[in-house]
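Each remark here refers to the structure printed beneath this line.
Where a number appears in this text, it was derived from the coordinates with a stated rule and is not lab data. In this text the structure is predicted, and so the values were computed from the model without any measurement. Counting neighbours? That spans all protein chains shown, and the Cβs are built from the backbone with ideal geometry, glycine included.
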Amino acid sequence: MSALWGLLRKEMLHILRDRRTLVVLILMPIVEVLLFGFSIRTDVTDVRLAIVDPAPDAATLALRNRFAAGALFHTVAVLSRHDDLEPMFQTDAIQLAVEFPPNFARTLARGGAAQVHVITDATEPNSGTARQNYVAAVIDAYQQSLPAPTGSVRIVPSVRARFNPTLASSNLFVPGLLAFVLNIIAALMTALSLTREKETGTMEALLVSPLRPWQIIVGKVAPYLAIGFIGVLAVLVEASVVFHVPIRGSVTLLLAEGTLFILVALSIGILVSARTSSQRVAMMGAMLGTMLPTQMLSGFIFPIESMPRVLQWITLIVPARWFVTIARGIMLKGVGIGYLATETLVLAVMALVLLVASTRSFSVRLE
Amino acid sequence: MTTGPAAGAPVVQAQGLVKRFETTTALDGMTFEIGAGELFGFIGPDGGGKTTLFRILVTLLVPDAGSARVLGCDVVRDLWALRPRLGYMPGRFSLYPDLSVEENLGFFASVFGTTIAREYDRIAPIYSQLEPFKARRAGALSGGMKQKLALCCALVHRPEILFLDEPTTGVDALSRREFWELLGRLRSTGLTIVVSTPYMDEARRCDRVALVQRGRLMAIDTPEAIAAAFDRPLLALRVGERYRAIRALRDYENTNTVYPFGDVLHFTDRRTDASPETIARDAEAYLRGAGIEAVTAKPIPATIEDAFMARMGADDDAPGERGAA
Amino acid sequence: MSDEVAIHASGLTRTFGAFTAVDHISFDVGAGEVFGFLGANGAGKTTAIRMLTGLLAPSAGEATVAGHDVYRETEAIKRDIGYMSQRFSLYDDLTVRENIRLYGGIYDLTDATIRERTQRILSRLGLQHVENTLVHAIPLGWKQKLALSVALLHEPRIVFLDEPTSGVDPITRRQFWELIYEASHGGTTVLVTTHYMDEAEYCDRVSIMVAGRIAAIGTPAELERTHGVESIDELFVQLARNDPNARGAAGGGGAAA
């Protein structure tokens with residue numbers, strides 16, 4: 001039996017013996033996504049709506065009737081000026097506004113693209129998206145009822161969210177959450193597994209053997225990569241079954257990118273534990289090194305475009321930032337590897353650099 | 001310091017080893033040689049530098065000054081050439097408590113590219129005692145069994161030299177005895193064994209010993225020679241009430257040292273020219289005069305422990321109230 | 001030594017699942033006695049000590065420590081005993097003086113008493129020059145002597161010492177035993193475990209546990225005579241060889257070594 005194979009076998013035994021930790025490792029991402037998902041989601045009913053219709057015509061009236069008809073919208077006001085909206089949003093009198101341009105019916109009849117402005121209060125981002133979707137559905141249904149289209153595009157809703165321009169939604173948060181949860185768990189696991197050997201004294205016996213640092217590191221990373229892969233798989237299934245998040249692109253590509261990302265996170269953990277000697281310090285290091293950057297600087301919660309320039313630069317070294325882009329690209333836009341080459345390359349380089357750095361800072365002695 | 005001859009060609013050569021940590025000097029210049037096939041013991045209390053010395057010899061620490069060669073390899077430069085050839089059992093429990101006896105041994109075999117089956121004949125004398133428990137987790141073994149398993153793990157790749165750092169510390173007297181019997185058997189196969197221990201009585205099991213105290217070697221020789229070098233007449237005093245007798249002897253003008261030793265007191269006299277008989281007669285008379293009953297005094301040969309304490313007492317930096325007890 | 005009984009055990013038993021760690025042991029320790037509690041790893045010493053110090057409820061039998069029942073009066077027991085082990089006794093990150101203060105506080109001693117006893121301990125051990133040194137920076141031998149003094153700080157009637165001299169140099173080991181004699185002379189009962197068999201000879205009486213039972217008990221001289229052996233070491237080895245449990249594992253479900 002080769003040395004590396006012996007190491008891998010031993011690590012797997014450790015993991016399998018410690019059933020409780022194993023269960024936590026696999027269940028935690030699933031439970032966290034569930035908790036996050038449901039705490040962010042809000043059901044949408046009885047939306048307070050204002051209509052801005054400076055020049056009512058047949059088309060705008062027909063649409064206004066459609067909004068009034070369902071139970072979903074409650075038309076609070078019909079205004080003639082856009083400026084009157086602001087105070088109503090501010091006093092929370094309305095949550096949504098639909099604004100028609102003048103000459104709406106005429107533009108439609110000419111076969112041109114008629115614009116409708118949809119403005120939502122996105123303080124609660126998820127409900128904001130849901131409301132927009134409902135508005136789009138109403139407009140869509142009206143469009144279907146019109147005589148056969150002469151042109152291609154007819155009514156174009158242009159959407160604007162107030163307070164939170166990027167608008168996260170369950171579609172958007174799942175990829176981010178995936179990055180967040182996997183990153184922390186993966187980094188923590190490897191950070192602890194090496195320092196545990198230092199604390200219990202078994203590292204001394206490992207070190208005097210002919211094992212090279214790279215073998216010890218591969219032996220530590222590989223088993224957790226397998227567990228991380230199971231985690232990615234579980235969260236993706238959950239996202240699509242529970243939250244109906246689409247995966248428009250290739251599932252295989254997404255799993256491959258997810259595995260690459262976990263490798264980066266595991267490497268962070270290994271680097272931390274190669275440089276520390278106690279589990280306590282390693283745990284704090286891994287948490288600090290992954291949790292804060294992933295939460296704050298990955299675009300998972302706060303949009304990167306709205307950050308100060310300096311922070312935007314810093315996000316470039318946060319692995320989760322690249323993975324969030326990849327995951328959103330594959331899941332929501334359905335793009336392929338061609339569009340994600342840069343991001344993928346960045347993650348691959350990060351993994352390589354971290355692993356080499358770990359191997360180098362892994363001391364072959366006790367000091 | 002006396003340096004006895006090494007039995008065979010030297011397989012360990014250390015020259016002026018010094019190692020300092022932040023506030024302490026762990027090794028303060030150690031020079032010695034260990035011959036091929038020797039069972040060599042480093043004897044001394046905790047904190048004397050034994051563990052630091054072993055870690056340097058097995059390539060885990062780099063000395064601040066001096067050099068050491070093991071099996072002809074420099075312990076700093078020839079790291080990777082040396083590691084596969086040596087066996088090391090650290091002082092701390094160094095097995096995986098969540099893995100079984102067999103899994104632990106199998107793992108250490110695999111690390112050296114071998115298997116239990118292939119090495120069975122070498123480890124059989126020890127492993128046969130563990131085999132009934134091979135499915136048991138290492139963490140659930142008794143102290144003595146843990147040590148035997150650790151020894152097996154250090155032997156499984158057929159090392160040319162074995163370093164055992166305090167293998168018997170915290171282990172009961174029977175397990176210790178059995179462990180030394182195993183070492184004796186390994187020695188008879190020609191294996192060089194270097195072992196450290198705080199138990200002075202274990203010194204007599206070694207071919208040669210070094211007495212370690214505060215980072216220095218106080219003596220290197222055969223156990224017999226070290227004991228024989230004790231230069232004062234030594235008396236064993238058998239008394240009725242030990243504590244009162246010790247107190248009384250503290251005030252005796254001729255007392256050099258008095259220590260409890262098993263069921264007797266070991267006593268040395270301040271007078272260097274008096275015969276053992278005179279010393280015994282005077283001490284008996286003094287104790288009777290102090291009201292201590294049932295006193296008998298008889299000259300005895302010194303043990304390693306007497307020799308160790310005499311040398312500790314001679315060391316100017318000896319800790320605590322020197323020679324007090 | 002008076003005839004007063006400090007520790008009384010009768011049929012004391014503790015089982016862990018199917019494993020009997022301590023199997024009907026009965027013995028008495030007189031006030032002021034130095035009692036050596038010997039046994040191989042896994043013979044049941046630690047389990048017995050845990051029952052006697054009120055940390056573990058017995059499965060059967062009875063015992064009193066300083067007159068208090070080990071089932072019902074564990075709080076009273078804890079006030080009347082001191083405890084010191086090789087593994088844990090002092091806080092490494094506190095100074096010598098702070099450690100003494102801490103234990104004084106735990107046992108509700110007045111500030112004046114703590115001050116006075118701190119002085120006494122420091123001058124008895126010759127540690128005045130390190131009173132403000134962190135404990136991890138002083139030599140092991142000093143630490144162990146200090147730990148014993150701290151265990152005796154509240155003047156307990158009985159002190160339990162679990163391998164107190166492990167790894168300590170031979171001179172300091174003897175100084176430590178002199179402290180034990182001093183305490184015993186002052187009327188404190190001492191129950192001590194050790195792997196140094198010569199230390200067994202220092203005890204007034206010893207017991208040797210084998211497989212959860214007491215296989216021999218008496219003064220060292222008595223035992224050597226009745227068993228026809230030269231030393232307690234020889235007797236220990238002879239008796240321990242018969243123990244099937246100590247030979248293998250530390251026993252079932254969390255049983256102590």
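General observations
- Rh (Kirkwood; distinct C-alpha pairs) - chain A, Å: 23.5
- DSSP bridge pairs, the protein assembly as shown: antiparallel proportion in percent, nearest 5: 55
- In terms of packing, defined here as the mean over residues of other Cβ atoms within 10 angstrom, the peptides C:113-119, C:148-154, A:83-89 line up highest first as C:148-154, C:113-119, A:83-89.
- Across every pair of non-identical alpha carbons in the protein assembly as shown, the mean reciprocal distance, once inverted, gives a Kirkwood radius of 33.6 Å.
- Its convex hull of Cα atoms gives chain B a direction-averaged projected area, equal to a quarter of the hull surface, of 18.6 nm².
- Amide H contacts of residue B:142: C:249, C:250, each under 5 Å away and 5 or more positions distant or on a separate chain (H built 1.01 Å from N in the peptide plane; Pro and chain starts excluded).
- Three principal axis extents of the stretch A:276-342 based on alpha-carbon atoms, in descending order, are 44, 27, 19 Å.
- Straight-distance crosslink candidates among lysines, where the alpha carbon sits under 29 Å from residue B:146 and sequence neighbours closer than 8 are dropped: A:10, A:198, A:220, B:50, B:134, C:45, C:143
- P(r), alpha carbons of the stretch B:234-301 - 10 Å bins starting at zero, rounded %: 23, 64, 13
- Taking the longest Cα principal axis of chain A as reference, the axis of helix A:3-17 is set at about 60 degrees.
- Axis angle, to the nearest 10 degrees, between helix A:319-328 and the longest C-alpha principal axis of chain A: 40 degrees.
- Computed on the Cα atoms alone, the convex hull of chain C gives a volume of 126 cubic angstrom per residue.
- Working note: 222 nm ellipticity from helices only, DSSP H runs with n ≥ 4, each -39,500 (n - 2.57), summed and divided by the residues of chain C, gives -10500 deg cm²/dmol to the nearest 500.
- Where labels lie 7 Å past Cα in the beta-carbon direction, separation of residue B:229 and residue B:135 in nm: 5.4
- Global size of the stretch A:47-162 as Cα Rg and Dmax, reported in angstrom: 13.6, 42
- Loop trypsin sites (Lys or Arg not before Pro), the stretch A:74-114, which have at most 16 other Cβ atoms in a 10 Å radius of their Cβ (DSSP): A:81, A:110
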